[in-house]
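Asker: So that we are looking at the same thing, I have put the structure below in structure tokens.
The values are calculated or read from the model by the stated rules, or taken from the named source; none is laboratory data. Keep in mind the model is a prediction, meaning the values are calculated, not measured. Cβ sites come from the backbone with ideal geometry, for glycine too, and all protein chains shown count toward neighbours. Remember, those area values only see protein heavy atoms, side chains included, never the ligands or the DNA or RNA. Shrake-Rupley method; radii C 1.70, N 1.55, O 1.52, S 1.80 Å.
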Amino acid sequence: MKSFLKCSLVFIAFSSVILSGCKKDVLTGISQEQSASAIRNVASAERRPDLVVHTGQSIQAAVNAASPGFIIQIEPSVYNESIVVNKANLQLIGTGDGVIIQNPGDAENGITVNDAGDGFVLKNVTVRNFEENGIYLTHVDNFLLSHVTAIENGEYGLFPVFCTGGIIEHCTASGHTDTGIYVGQSRDVEMNFNAAFGNVQGLEIENSTNVTASKNQCYDNSAGILVSYLPGLTSTTSINITVSNNHVYNNNHVNFSNPDGGFENFTPAGTGILVLAGTGVTVKDNNVSGNNTFGIAVVSGYTLANLTGITAFITAIDPIPHGYKIISNVLNNNGSAPAPIPLPAVDLLWDGPLWGGTAANVCYLNNIFSTSFPSPLPTCN
């Protein structure tokens with residue numbers, strides 16, 4: 001995402017007109033969002049830690065001394081250090097509350113896991129005040145981030161990219177100038193039971209495949225949840241995304257993104273759930289309320305290209321939403337005090353009438369709402 005963001009400042013200037021890792025198979029009797037987590041938790045519970053980091057010691061020193069597959073237990077304390085992990089199947093487990101990893105000075109990332117192969121686990125840890133990212137994972141498979149708190153870490157709280165398979169559960173992210181909890185250019189990732197507040201964007205799923213975001217709370221961000229499909233990235237697909245059973249409310253925070261940032265610069269305050277192009281996106285059973293600009297909005301690449309002059313939204317990606325289903329959401333009091341953008345302020349927004357879309361592209365069923373554009377909305381068969 002970062003390379004796209006730095007290359008897209010021209011797009012950002014124009015876009016103000018619209019915007020001011022592998023999942024385990026489900027075990028019998030275990031729900032989808034709990035299956036891989038349960039496997040890891042059982043495995044951890046059956047083993048003693050291989051190393052223990054005591055108060056006053058260094059987590060990085062323990063990582064350096066560890067072999068692949070080690071469990072490192074961390075005692076409650078404030079650890080002023082930045083940590084790099086490049087060994088497979090390493091587990092960093094905080095004991096109870098109070099394990100805090102804090103920026104020792106001007107470090108960019110709190111924990112960086114880089115090409116570490118399979119099975120990284122991080123649990124019961126707070127990471128705060130780093131310059132760029134709290135947790136940065138790249139090319140990590142089958143990871144678990146559980147009960148991780150990210151506070152004011154520059155642009156991103158939790159930032160897995162180019163990962164295959166992973167679970168982000170029971171995590172909290174606040175105070176980030178881009179996104180609290182982000183999944184980018186990845187596949188087979190679950191984001192469940194998390195809370196994101198006080199960020200520019202709460203949760204974002206970008207150019208990814210087979211990702212679910214379920215049972216999260218997103219509030220007091222500029223935008224609650226984004227499913228985005230953008231040109232200029234290595235991954236050129238956005239397929240099979242499900243956003244379900246989330247509570248997305250009062251996302252009216254002023255946009256405080258860095259002026260030299262990217263797409264997030266003009267994300268309008270008052271956004272509940274925003275979906276930009278892609279294929280097979282399902283938004284269902286969400287409670288979306290009190291967002292001043294719109295509740296759930298679907299915007300095509302055609303609209304972005306027409307309003308910005310950036311032809312890449314048509315030529316570099318498929319601009320047409322395919323197989324969207326917006327089902328059984330409850331929306332109220334959205335669009336009451338919109339940001340100054342040339343789109344209707346409503347509970348449910350779809351730009352299909354601007355480019356000739358049909359129910360084959362986006363359809364709606366059993367939603368509870370007061371206002372929409374268009375009216376009526378296309379109905380699912």
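Asker: If packing is taken as the average count of other Cβ atoms within 10 Å, what order do 318-324, 245-251 fall into, highest mean first?
Answerer: Values: 318-324: 20.1, 245-251: 22.9.
Going from most to least packed, we get 245-251, 318-324.
Asker: Extending each Cα 7 Å along its Cβ direction at Thr95 and Ala360, get the distance between those two points in nm, one decimal.
Answerer: 6.2 nm
Asker: Calculate the FRET efficiency for Lys325 and Phe162 from the Cβ-Cβ distance with a Förster distance of 35 Å, rounded to the nearest 0.05. Spell out each step's value before the answer.
Answerer: Working: r = 28 Å, r/R0 = 0.80.
With a Förster radius of 35 Å, E is 0.80.
Asker: Packing-wise, with mean Cβ within 10 Å as the measure, how do 62-72, 193-203 rank, highest first?
Answerer: Working: 62-72: 16.3, 193-203: 26.3.
Packing proxy ranking, top to bottom: 193-203, 62-72.
Asker: Further, regarding this structure: Hey, with R₀ at 25 Å, roughly what FRET efficiency would Ile368 and Ser336 work out to, going by the Cβ-Cβ distance, to 0.05? Before the final figure, lay out each step's value.
Answerer: On the way: r = 17 Å, r/R0 = 0.68.
The calculated FRET efficiency here is 0.90.
Asker: Then there is this: On average, how much accessible surface per residue is there in the chain, in Å², for a 1.4 Å probe, leaving out ligands, DNA and RNA?
Answerer: Details: 13740 Å² over 381 residues.
Accessible area per residue: 36 Å².
Asker: Also, I was wondering about something else. Provide the per-residue ³J(HN,Hα) series for the stretch 143-157, in order, calculated from phi with Karplus coefficients 6.51, -1.76, 1.60 and θ = phi - 60°, each as a whole number of Hz, with x at glycine and proline positions.
Answerer: 8, 9, 10, 9, 6, 9, 10, 10, 10, 6, 9, x, 7, 10, x
Asker: Could you tell me which of rounded, prolate or oblate describes the stretch 293-353, using a ≥ b ≥ c as the square roots of the eigenvalues of the alpha-carbon gyration tensor, with rounded for a/c under 1.5 and, failing that, prolate when a/b is larger than b/c and oblate otherwise? Each step should come with its number before you reach the end.
Answerer: Numbers: a/c = 3.72, a/b = 1.48, b/c = 2.52.
Judged from the Cα gyration tensor, the stretch 293-353 comes out oblate (a/c at least 1.5, b/c at or above a/b).
Asker: Moving on to the next point. Give me the number: length gained by fully extending Asn64 to Thr315, i.e. 0.36 nm times residue separation minus the C-alpha to C-alpha distance, one decimal in nm. Write out the running numbers ahead of the final one.
Answerer: Numbers: separation 251, 0.36 × 251 = 90.36 nm, distance 4.67 nm.
So the extension gain works out to 85.7 nm.
Asker: Still on this model: Full extension from Glu131 to Gln57: what is 0.36 nm times the residue separation minus their Cα-Cα distance, to one decimal in nm?
Answerer: Details: separation 74, 0.36 × 74 = 26.64 nm, distance 2.32 nm.
Computed gain between Glu131 and Gln57 is 24.3 nm.
Asker: Let me ask you something else. Quick one: pull the percent of accessible area on the chain belonging to carbon and sulfur, 1.4 Å probe, ligands and nucleic acids left out. List each step's numbers first, then the result.
Answerer: Working: 7180 of 13740 Å².
Solvent-exposed carbon and sulfur of the chain make up 52 percent of the total.
Asker: Among (i) 120; (ii) 200; (iii) 145, which one is volume of the Cα convex hull per residue in Å³ computed from these coordinates?
Answerer: Among (i) 120; (ii) 200; (iii) 145, the one calculated here is (i).
Asker: According to the square roots a ≥ b ≥ c of the eigenvalues of the Cα gyration tensor, what is the shape class of the stretch 52-113, taking rounded for a/c under 1.5, prolate for a/b larger than b/c otherwise, and oblate for the remainder?
Answerer: Working: a/c = 1.86, a/b = 1.15, b/c = 1.61.
Oblate is the answer for the stretch 52-113, as a/c is 1.5 or above yet b/c matches or exceeds a/b.
Asker: Sum up the lysine pairs in the chain that clear both bars: alpha-carbon distance under 19 Å and a spacing of 8 or more or different chains.
Answerer: Numbers: Lys23/Lys123; Lys23/Lys215; Lys24/Lys123; Lys87/Lys123; Lys215/Lys284; Lys215/Lys325; Lys284/Lys325.
Taking the Cα cut-off of 19 Å, the pair count is 7.
Asker: Moving on to the next point. Which far-off residues, 5 or more places away or on another chain, put their amide H under 5 Å from the one on Ala213, with H placed in the peptide plane?
Answerer: Counting only residues 5 or more places away or on other chains, the set is Met191, Thr242, Val243, Ser244.
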